[in-house]
Amino acid sequence: MPDTPQVSPDPPDTVYHPMTGAEGSIIEIERFNLWYGDKQALFDNSIDIQMGLVTALIGPSGCGKSTLLRSLNRMNDLIDGLRLGGAIRLDGADIYHRDIDVIGLRKRMGMVFQKPNPFPMSIADNVTYPIKVDGVRDRRVLQETVERALKAAALWEEVKDRLRDSALGLSGGQQQRLCIARAIAADPDVLLMDEPCSALDPLATAKIEDLIDELRGRYTIVIVTHNMQQAARVSDNTAFMYLGRIVEYGKTKTVFTTPRSRRTEDYVTGRFG
Amino acid sequence: MTGGRRAVNLEARGEPFLWGMGGALSLGVLMILGFVLLIVWNGLITFYPKPLRVVHLKDGTRLAGEPTRAETYKPPAQRLESLSPEERDRMRERGGLAHRTLYRIGNYDFYNEDFRWVSDYQVERWEAPREMVFVERVEWGPFVGVVQALTLGDTTLTGEAALGERLHAAQAQAARRRARIRRIERGEIGAINHRMEKSRLTLRGVALKAGEDSAAYRQALARGEAQAAELDAAYARLAAEAAALKSEDARYTITLADINGREKVQALSEIVRIYPANALNLFQRMGVYASRWWEFLSAEPREANTEGGVLPAIFGTFVMTLLMALAVAPFGVMAALYLREYARQGRLVSAVRICVNNLAGVPSIVYGVFGLGFFAYIVGAGIDRIFYPERLPNPTFGTGGLLWASLTLALLTVPVVIVATEEALAAVPQSLREGSLACGASKWQTIKYIVLPKALPGIMTGLILAMARGAGEVAPLMLVGVVKLAPELPIDAYFPFLHLERSFMHLGFHIFDVGFQSRNSEAGKPMVFVTTLLLITLVVLLNATAIFIRNRLKRKYYVGHF
């Protein structure tokens, strides 16, 4: 990891009123800073993500929501010239610690991307990919995983007769649900979703939202979205980000109806953004 | 004013550029078409039997031959003076130009030339007698003349009886006898020679290892001598058998006579093909045509490569290209993978990339020199010292050979593969890589399961380009293992079956050798076209196979659409 830069001296002025889950927090982000080269993208981000709840990250374009999300499973590691400060802890362990196994970390965090990115292979192979790279070759286990994950992703009924067909033959919405099935196939603890519906039509979006609702409780879900109605519909807690800072983090209902921060109010009421 | 405005409009419409671009394209297409047509046409007509002419010259002599080609030329002044006045007038009318025809007169053993130019003004008259035959022989090139007699053991046939069915049957028999003699001489005696050589090398190996005055050496010597005696006996038996067959064979002969009545007695088994050129119908002509093609594709070369077939060259080209592809594919793909997937993109990588691109522009002969110096003389000599010390000073790998030629060409084509693979890797969407990494796959697993399969069609394209370039390359091969006549194919029945150290024949070099290095370049000229046609066909076939494989891969990975 690059050397830890100076953290800005001002205390974070974030407004906090999050809903607390039954099992407490699973991810703790503490004064997390991130630079792309010389440009700082995240400033002193500090939130606790509650286990089993759906947490939405909202905010205008370029505010750093995706960057924060991708920091959770260290997808940003691929970028040259990245520097970090502060800490992110999963179950109390710093994920940026030298000894942490990145691959093991990513196995605990399924991720769904903005555009559906099924692999150019069959539907079944897509779903079993995460456990195959883990070395699982037992056909019975693989078959069970396909069925379980596809059922959990509400795709089983549509594709059960063509599991050997290429995944690229599916529609956009089906592809995204396949990606969700793939993300939960290895039974992760956390599901990260980076604007999962931005490339989908309203009908497919509705299906994904229903799915998120069903997955609630089984997985801790962190979802980045542009769509405020969506955040209001699916999430328990919402973090509003602006220019790399977390302005308000709290219960979704409160954030959208009676925000404590002026900026949040301006944004959710559509005055800017 | 109007003119100016029109010019502006014209330029705005861009039509002159359109014409220019269209013109450039059609010029290119025309040149390619013309080239391909030239090769295909000349390659296809070469084997078609031509009629034979008997030409009566004004000086009273006669000659017989195949008219090969004709041209208009300007005879030297002193030649004109020897002509009759009316001839001279006619020529002056035509501006001092005369017309002449090149005849393939054959009978090299009589005349010491195969071809002769005959100017029209020399000719009294010509005819095409039906009894003239064109005889292709194993040695001395073709014979043009008539059949006088056919001697089959104790019976002798003359006149009409000597031609036709009996001749064909006798010739087929003679061909079988020739094949048997050849099998004994090349196959069985060859096997004995192989075992003798092996026994000698074993002995030498023992001598090198244990010293010449050791018990092991004396033992091996005794064993070797016993084996040699046994092999000598087998050799004598086979040689006697071959001699008996040969003396039997000598009783079957054909008596030929050239146009001036000079006779030649020829063993039937030395005749490859005999046909009365002027008495053939279309069907028979096609038969001769087909049999010549078959000989070309399936036989070994004769007569300094100007006759016979090119099977060893086809074989050599094919095996070498495949070996090259096998060598270049992993090498180039791994280099590109490192450059694109692992190396930190910076100035160093850019410099490496520029170097790789520039490597493609190095003259191929330089690669040949490098291959000879590095592979043959350094690596090969090292291999010889370690693994084949008993064969020294005769080099095994320490000289040009199939392996070194393939590796040299692999080196020559590796930039093509690297560039194509890098482009194919760059075209794999980043989202797929991220998807795979997010699933907990390692970088290598991502490359293996996601990136490489997706990039495979592009990599195959690079490999196809490399193969096309490699199969057509000649210059470096001349230094690293291609020879004009290889006595043995690189694959045979003796362990280890694929002999990578052997020198081999190559179609590209064959073209050069036949067309420009043989004593009889006129006879070789048609073979140049046929061999070129064959080489192009071979390259097209190799590429078509690779493209077929690539398209199957594409279908496998690209079913459906967004």
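Looking only at residues of the range A:122-149 that are part of a loop (DSSP other than H, G, I, E, B) and surrounded by fewer than 20 Cβ atoms within 10 Å (Cβ to Cβ), we find that the one that is farthest from the other protein chains (Cβ to nearest Cβ) is A:Asp138.
What are the residues in the range B:425-455 that are in a helix (DSSP H, G or I), facing another protein chain (nearest Cβ under 9 Å) and more than 44 Å from the chain's Cα centre (by Cα), if any?
Scanning the range B:425-455 gives B:Gln430, B:Ser431, B:Leu432, B:Arg433, B:Glu434, B:Gly435, B:Ser436, B:Leu437, B:Ala438, B:Gln445, B:Thr446.
So how many residues does the range B:504-521 have that are over 14 Å from the mean Cα position of the chain (by Cα) and either surrounded by 15 or more Cβ atoms within 10 Å (Cβ to Cβ) or at positive phi (or both)? Summing the residues that are over 14 Å from the mean Cα position of the chain (by Cα) and either surrounded by 15 or more Cβ atoms within 10 Å (Cβ to Cβ) or at positive phi (or both) in the range B:504-521 gives 2. You will find that of A:Asp213, A:Asp236, the residue that is within 16 Å of the chain's Cα centre (by Cα), under 25 Å from A:Met51 (Cβ atoms) and surrounded by fewer than 16 Cβ atoms within 10 Å (Cβ to Cβ) is A:Asp213 and no other. Just one residue in the set B:His99, B:His56 is touching a helix residue (DSSP H, G or I) at 6+ places or on another chain (Cβ under 7 Å), over 26 Å from B:Tyr289 (Cβ atoms) and assigned to a strand (DSSP E or B); that residue is B:His99. Residues in the range B:456-478 that are touching a Gly at 6+ places or on another chain (Cβ under 6 Å) and either within 12 Å of chain A (Cβ to nearest Cβ) or crowded, with 21+ Cβ neighbours inside 10 Å (or both): B:Pro476 alone. Of B:Leu326, B:Leu392, B:Leu402, B:Leu412, all but one fail to be surrounded by fewer than 18 Cβ atoms within 10 Å (Cβ to Cβ) and under 26 Å from B:Leu533 (Cα atoms); the exception is B:Leu326. Quick check: is even one residue across the range B:228-244 surrounded by 16 or more Cβ atoms within 10 Å (Cβ to Cβ) and in contact with a Gly (Cβ under 7 Å, 6 or more places away or on another chain)? Checked the range B:228-244: no residue is surrounded by 16 or more Cβ atoms within 10 Å (Cβ to Cβ) and in contact with a Gly (Cβ under 7 Å, 6 or more places away or on another chain). Checking every residue in the range B:194-211 against the condition of being within 28 Å of the chain's Cα centre (by Cα), among the hydrophobic types (A, V, I, L, M, F, W, C) and either under 30 Å from B:Ala279 (Cβ atoms) or not assigned by TED's automatic domain parsing to the domain that holds B:Ser521 (or both) gives zero matches.
Within the range B:102-123, the set of residues being surrounded by fewer than 19 Cβ atoms within 10 Å (Cβ to Cβ), in a loop (DSSP other than H, G, I, E, B) and in contact (Cβ under 8 Å) with a residue 60 or more places away in the chain is empty.
When each of B:Gly60, B:Gly96 is tested for being without any contact (Cβ under 8 Å) to a residue 40 or more places away in the chain, on the phi > 0 side of the Ramachandran plot, of a type outside the set (D, E, K, R) and touching a Pro at 6+ places or on another chain (Cβ under 9 Å), the lone residue that passes is B:Gly96.
Of all residues in the range A:179-217, those that are in a helix (DSSP H, G or I), touching a helix residue (DSSP H, G or I) at 6+ places or on another chain (Cβ under 6 Å) and within 12 Å of chain B (Cβ to nearest Cβ) total 4. Residue-level check: of (1) surrounded by 12 or more Cβ atoms within 10 Å (Cβ to Cβ); (2) modelled with pLDDT under 90, B:Gly346 misses just (1).
Looking at this structure, is B:Glu522 of a type in the set (D, E, K, R) and part of a loop (DSSP other than H, G, I, E, B)? Answer is no for this residue. Looking only at residues of the range A:159-170 that are at the interface with chain B (Cβ under 9 Å from one of its Cβ atoms) and part of a loop (DSSP other than H, G, I, E, B), we find that the one that is farthest from B:Ile450 (Cα to Cα) is A:Leu170. Scanning the range A:103-117 for residues that are more than 8 Å from every other protein chain (Cβ to nearest Cβ) and buried (at least 22 other Cβ atoms within 10 Å of the Cβ) gives A:Val112, A:Pro116. One residue stands out in the range B:338-352 among those that are touching an Asp or Glu at 6+ places or on another chain (Cβ under 8 Å) and in a helix (DSSP H, G or I): the one that is nearest to the other protein chains (Cβ to nearest Cβ), namely B:Arg340. Among residues belonging to the range A:71-93 that are more than 16 Å from A:Asp44 (Cα to Cα) and not aliphatic (A, V, I, L, M), point out the one that is farthest from the other protein chains (Cβ to nearest Cβ). Among them, the one singled out is A:Gly92. Checked against the criterion of being farther than 18 Å from B:Thr537 by Cβ, surrounded by 17 or more Cβ atoms within 10 Å (Cβ to Cβ) and in contact with a Gly (Cβ under 9 Å, 6 or more places away or on another chain), the candidates B:Glu307, B:Glu295 yield just one match: B:Glu307.
The values are calculated or read from the model by the stated rules, or taken from the named source; none is laboratory data. Not measured: the values here are computed from a predicted model. Positions of Cβ are generated from backbone atoms using ideal geometry, with glycine treated the same way; all protein chains shown enter the neighbour counts.
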